[in-house]
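The structure under discussion appears below in the form of structure tokens.
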Amino acid sequence: MEKISFRLELRWNPLLREWVIVAAHREFRPWQPKVECPFCPGSEEIREEWEVLALPNRFPSLVENPPPPFSSPKFPYKVEKAYGICEIVVETPNHEGDLCNLSQENMRKVIDLFVERYRELGSKDFVKYVFIFRNKGAVIGVSLHHPHSQIYAFPFIPPKIERELKSALEYSKNHGKCLFCDVIKAEKEDGRRIIYESKYMMVFVPYSAMWPYELHIYPKRHLGSLLDTNEEERDDLARVLRVVTATYNSLFDFSMPYIMVFHQVPTDGGKYDFYHMHIEFYPPYRDKEKLKHAAGVEWGAGVFIYSGEPEVRAKELRETCEKILGKIS
Ligand code: ZN
Ligand code: ZN
Ligand code: FE
């Protein structure tokens, strides 16, 4: 295996006040290699027996020992070393499938590994935020199809999380309670956007959904991160993730691409008891044939246009979910 030298840095966008990771070495990563899957048992990277495992990302965007920045910016620009860790969670030795194709026991092991990696990576000094996510499907830009999730341990709190934290803090100051707990209450009272409710989780299309079939999973109990979940909640979440992905895959009778993200409290040592962990799914399709594209208004102005009604799509998802429920153990 050739050793790649890292050429990467964080560049500050002074207009949007956001970091951009500039990873020059990532140009050379394999694009859907035809030869050998690096995540299949027996490959160069994985030799022993395993069911789920975390591996370092071979083409990381952030590294534990980052090189000095390669650009020499002058005012008003700013650069930082790209501190962080990028890991892959290989979810099964099987080369094909989605979360719904994993057994309940296997999926539970994936959750346990998420918990362990969140704890381990979050305990590092330079890690302010542990971001767990899953990209699925070629249209999302996935280069390796073997079922896997990813983890980015960031040296800063990502802007989307920062915004949610700010809203939740302000809400708790103004109303004396949790914004997310109140969203659960509002969704329950309305009911039209609920797709599925388990003992511990609420699954719904958000009121102001951006993506056509976007859905969110909120734990009903006020939890900051996976570290706060108990055994039963972990089992339940494992099953709910299988239900949700099975629902997506039978919606149009093809394997639905999606982005799945975990939003949890930062690991920077701050107190965030006003925040409530949740999981978000963004599939890019708006019907069987058409993709929803984020284009001029979305990218250029930051305003999403939702074509259709979230309540109508929620009904489709709910009915699909009811049909597949019997098949999920
Ligand atoms: Zn494979
Ligand atoms: Zn809450
Ligand atoms: Fe969120």
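Tabulated values for the structure
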{"item": "Pairwise label distance in nanometres, LEU15 with TYR77, each label 7 Å out on the Cα-Cβ vector", "result": "1.5 nm"}
{"item": "Estimated FRET transfer efficiency when R0 is 30 angstrom, pair VAL142-SER250 (beta carbons, to 0.05)", "result": "0.90"}
{"item": "Gyration tensor verdict on the range 93-216 (Cα atoms; rounded if a/c is under 1.5, prolate if a/b is larger than b/c, oblate otherwise)", "result": "oblate"}
{"item": "The chain, accessible area per residue, ligands and nucleic acids excluded (1.4 Å, Å²)", "result": "51 Å²"}
{"item": "Charge dipole magnitude, Cβ of K and R +1, D and E -1 - the range 40-120, Cα centre, debye nearest 20", "result": "680 debye"}
{"item": "All Cα pairs of the chain, percent lying beyond 37 Å", "result": "17 percent"}
{"item": "Listed residues GLU232, GLU189 arranged by accessible area, highest first, probe 1.4 Å", "result": "GLU189, GLU232"}
{"item": "Most fluctuating residue given options GLU311, GLU87, GLU48, as computed from a GNM of the chain linking Cα atoms under 10 Å", "result": "GLU48"}
{"item": "Gain upon complete extension [TRP299, GLU48; 0.36 nm per residue less C-alpha separation]", "result": "85.9 nm"}
{"item": "Any cysteine of the chain lacking a neighbouring Cys Cβ under 4.7 Å - listed by number", "result": "CYS86, CYS100, CYS321"}
{"item": "Rounded percent of accessible protein surface that carbon and sulfur make up, the range 121-200, 1.4 Å probe", "result": "52 percent"}
{"item": "Longest exposed-site-free window of the chain, the sites being trypsin sites (Lys or Arg not before Pro) in a DSSP loop that have at most 10 other C-beta atoms within 10 Å", "result": "75-270"}
{"item": "Cα gyration tensor, the range 44-137 - rounded (a/c under 1.5), prolate or oblate", "result": "prolate"}
{"item": "Paramagnetic reach from ASP190 in the range 205-242 [backbone N under 19 Å; point 7 Å along Cα→Cβ]", "result": "205-220"}
{"item": "For the range 240-252, Karplus couplings with θ = phi - 60° (6.51, -1.76, 1.60), whole Hz, Gly/Pro x", "result": "4, 5, 5, 5, 5, 6, 5, 4, 4, 6, 9, 4, 10"}
{"item": "Length released on extending from MET210 to LEU227, taking residue separation times 0.36 nm less the Cα-Cα span", "result": "3.2 nm"}
{"item": "Per-residue SASA entry for MET201, accessible area with 1.4 Å probe, Å² rounded to 10", "result": "10 Å²"}
{"item": "Calculated from backbone phi, Karplus (6.51, -1.76, 1.60) coupling profile of the range 202-210 in Hz, x at Gly/Pro", "result": "10, 10, 8, 7, x, 3, 10, 4, 9"}
{"item": "Label-point gap, in nm, between VAL312 and LEU325 - each point 7 angstrom along Cα→Cβ", "result": "2.5 nm"}
{"item": "Cα-based shape type of the range 197-301, given that a ≥ b ≥ c are square roots of the gyration tensor eigenvalues and the cut on a/c is 1.5", "result": "oblate"}
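The values are calculated or read from the model by the stated rules, or taken from the named source; none is laboratory data. All of these numbers come straight from a predicted model, not from anything done at the bench. Glycine also receives a Cβ, built like all others from the backbone with ideal geometry; neighbour counts cover every protein chain displayed. What goes into the accessible areas is simple: the full protein's heavy atoms, side chains included, and nothing from ligands, DNA or RNA. Shrake-Rupley method; radii C 1.70, N 1.55, O 1.52, S 1.80 Å.
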